[in-house]
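For reference, the structure is listed below as structure tokens.
The values are calculated or read from the model by the stated rules, or taken from the named source; none is laboratory data. Just so we're clear, the structure is a prediction, and the values are computed from it rather than from any experiment. Heads up, the Cβs are rebuilt from the backbone with ideal geometry, glycines too, and the neighbour counts pull from every protein chain shown. The protein model used for the area step is the full one, side chains on, heavy atoms only, and it has no ligands, DNA or RNA in it. Shrake-Rupley method; radii C 1.70, N 1.55, O 1.52, S 1.80 Å.
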Amino acid sequence: MNQRHLAVPPAPHLVRPVLRLQPIQARPGTPSVDPALLAQHLAGVAEVLPPIAVENPDHWGQVVRGLGPEIDGILPLSIPCYPTEVWNSHPQPLMDRGLPFIFWCLPTYDEPDFWRWSARDFLCSLGVEVHLVESRRQGLALLRGLALRRQFAGARLAVFGVQNFPWNATAAGSHLGRALGIQVDVHDLDPIRERAAAISDAQAQALWETRSGRYQQAGVAGPWLLTAVKTWIAISEVLEQTGALGFGVNCFGDLIPNGHREVPCLAQVLAREEGYVAACDGDFCCLASMALMTHLTGLTCTMSNLYPVSYVGALTDHFGDPLAPDPARFAPADWANLARLAHCGFVGVVSPEVADGPVKLRDWGGTYEIKRDGSGCGIDGDLPAGAITAVELKFDGTTLLAASGEVIETSHHAGMPHCETSALLRFRDLPAFVRAISREHPAIVYGDYSEDLRTVAPLLGLDLRLF
């Protein structure tokens with residue numbers, strides 16, 4: 001699995017914050033968790049400050065209440081088998097300060113500290129946010145979740161175009177603000193087209209020369225390639241001005257019906273190379289899902305339209321073909337858990353690191369209804385076989401759906417210019433997932449992150465439903 005590719009240093013707001021944790025040792029003695037070892041284990045996720053040893057209850061109160069706003073949490077260092085500690089006898093400072101109180105797991109055994117269960121329940125009953133870490137992986141997910149909570153508070157997403165899909169940010173975007181603190185800004189599309197038209201070929205070519213190494217020109221016309229680069233430059237200026245985490249463009253509800261073909265497929269992958277997230281059709285819920293998974297895992301997400309292969313009528317009407325799996329390889333009785341990913345002629349807007357190699361730049365693939373005409377610049381990339389997690393944040397901003405699955409193969413469809421490639425996926429329980437989804441746009445990341453999401457979702461106030 002390739003790590004996230006960043007062509008340039010990302011802007012600070014595009015980087016998950018590194019937490020600052022203050023260890024506080026309850027009493028003299030050898031703590032059950034070595035703070036130096038803990039600092040090694042948390043490198044890159046959290047900075048572990050030098051421990052403070054408690055001298056007496058007054059000192060404890062002064063230390064906890066005096067922790068500055070730069071501190072994200074307290075790491076209590078206990079003495080093995082001694083649960084008679086100062087945070088039990090004098091919990092008020094923790095209640096006053098309101099910082100997360102994190103009992104780390106025992107590093108030697110990678111298991112929770114048995115003696116802290118009662119302290120957790122006691123302090124939680126008083127309103128203190130307490131976490132009893134179960135394992136190193138679970139603890140790292142916990143810290144990443146706390147960092148996301150900070151990163152998303154006051155964050156922004158940008159969507160371009162008329163809001164005429166169900167993912168209408170003007171009407172429903174505020175749900176994300178109430179739930180996660182993320183604001184969705186709606187921008188007109190015409191100024192982007194006008195700004196892009198004013199960018200010189202030389203400026204676009206200069207940028208492209210620095211970024212072209214991961215792409216193969218495989219049919220895209222030269223002028224359309226430069227138009228695609230100019231589109232990214234125009235969008236990037238808005239992202240820089242607004243400090244957004246990422247963007248989406250309403251192609252099928254605005255751009256394409258008006259006869260324009262400056263599709264932002266290349267803009268999406270170039271954006272991801274600079275640390276942004278990017279999704280098709282201006283789907284702000286999908287953008288939020290991608291932001292969650294990208295910054296949680298450190299991996300690039302992709303997204304596309306998800307079609308259960310059992311929906312023969314919907315597939316036939318949309319593609320002119322049911323895209324049925326080979327019955328000699330996949331028994332029809334098993335098709336209920338199989339699905340296709342496909343969007344605009346190809347699998348979707350697949351970044352090279354997701355494809356595990358260079359992707360091809362083709363003319364935009366069109367759809368069964370809107371014919372391909374050689375214009376635009378689309379992305380044609382295969383998905384390698386492997387485990388995935390598909391995630392959808394619903395419109396309410398608080399319900400998070402996650403389905404474990406796998407990419408089986410990328411299929412190539414002869415004689416279908418509007419669907420040259422699609423990916424065939426298998427899920428554990430696709431029918432239940434589809435009954436719960438709000439849109440056809442899941443965010444896809446390689447790896448099974450179900451357990452990480454069990455830890456992270458409550459930190460963000462999300463109701464997680466696993467499939």
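Each residue in region 124-143 was checked for being closer than 18 Å to residue 110 by Cβ and part of a helix (DSSP H, G or I), and 8 pass. Evaluate the following for residue 49: is it under 30 Å from residue 275 (Cβ atoms) and not acidic (Asp, Glu)? Judged against the criteria, residue 49 is a match.
Of all the residues in region 383-434, those that are under 23 Å from residue 321 (Cα atoms) and part of a loop (DSSP other than H, G, I, E, B) number 8. For region 97-122, a residue qualifies if it is among the hydroxyl-bearing types (Ser, Thr, Tyr) and within 18 Å of residue 39 (Cβ to Cβ), and exactly one does: 108. Looking across region 67-109, the residues that are in a loop (DSSP other than H, G, I, E, B), touching a residue at least 60 places away in the same chain (Cβ under 8 Å) and closer than 21 Å to residue 148 by Cα come down to 72, 104. Which residue is modelled with the lowest pLDDT, if the candidates are limited to region 25-40 and must be open to solvent by 40 Å² or more (accessible area, probe 1.4 Å) and of a type outside the set (Gly, Ala, Ser)? For region 25-40, the residue satisfying everything is 28.
Considering only residues that are surrounded by fewer than 23 Cβ atoms within 10 Å (Cβ to Cβ) and not aliphatic (A, V, I, L, M), which ones fall in region 381-396?
Those that are surrounded by fewer than 23 Cβ atoms within 10 Å (Cβ to Cβ) and not aliphatic (A, V, I, L, M): 382, 384, 386, 394, 395, 396.
Of all the residues in region 310-340, those that are touching a Leu at 6+ places or on another chain (Cβ under 6 Å) and either in a strand (DSSP E or B) or free of Cβ contacts under 8 Å to residues at least 40 places away in the same chain (or both) number 4.
I'd like to check which helices (runs of 4 or more DSSP H) are fully inside region 217-307 and have at least 1 residues that are among the aliphatic types (A, V, I, L, M) and within 11 Å of the chain's Cα centre (by Cα).
Those helices (runs of 4 or more DSSP H) span 284-297.
With respect to being hydroxyl-bearing (Ser, Thr, Tyr), out of contact with any Ser or Thr (no Cβ under 6 Å at 6 or more places or on another chain), surrounded by fewer than 19 Cβ atoms within 10 Å (Cβ to Cβ) and closer than 30 Å to residue 130 by Cβ, residue 399 fits the description.
The listed residues are 66, 98, 61, and the only one of them that is out of contact with any Leu (no Cβ under 8 Å at 6 or more places or on another chain), open to solvent by less than 10 Å² (accessible area, probe 1.4 Å) and at pLDDT 95 or above turns out to be 61.
Within region 341-361, being β-branched (Val, Ile, Thr), in contact with a Cys (Cβ under 9 Å, 6 or more places away or on another chain) and either surrounded by fewer than 20 Cβ atoms within 10 Å (Cβ to Cβ) or assigned to a loop (DSSP other than H, G, I, E, B) (or both) holds for one residue alone: 349. Look through region 303-318, keep the residues that are more than 24 Å from residue 248 (Cα to Cα) and open to solvent by less than 20 Å² (accessible area, probe 1.4 Å), and return whichever of them is modelled with the lowest pLDDT. The extreme case among them is 315. Across region 1-24, the qualifying residues are those that are surrounded by 15 or more Cβ atoms within 10 Å (Cβ to Cβ) and of a type in the set (S, T, N, Q), and the one among them that is farthest from residue 300 (Cα to Cα) is 22.
Can you say whether residue 55 is touching a residue at least 12 places away in the same chain (Cβ under 8 Å), open to solvent by 60 Å² or more (accessible area, probe 1.4 Å) and not in a helix (DSSP H, G or I), as far as the supplied structure shows? Taking the combined requirement at face value, the residue does not satisfy it.
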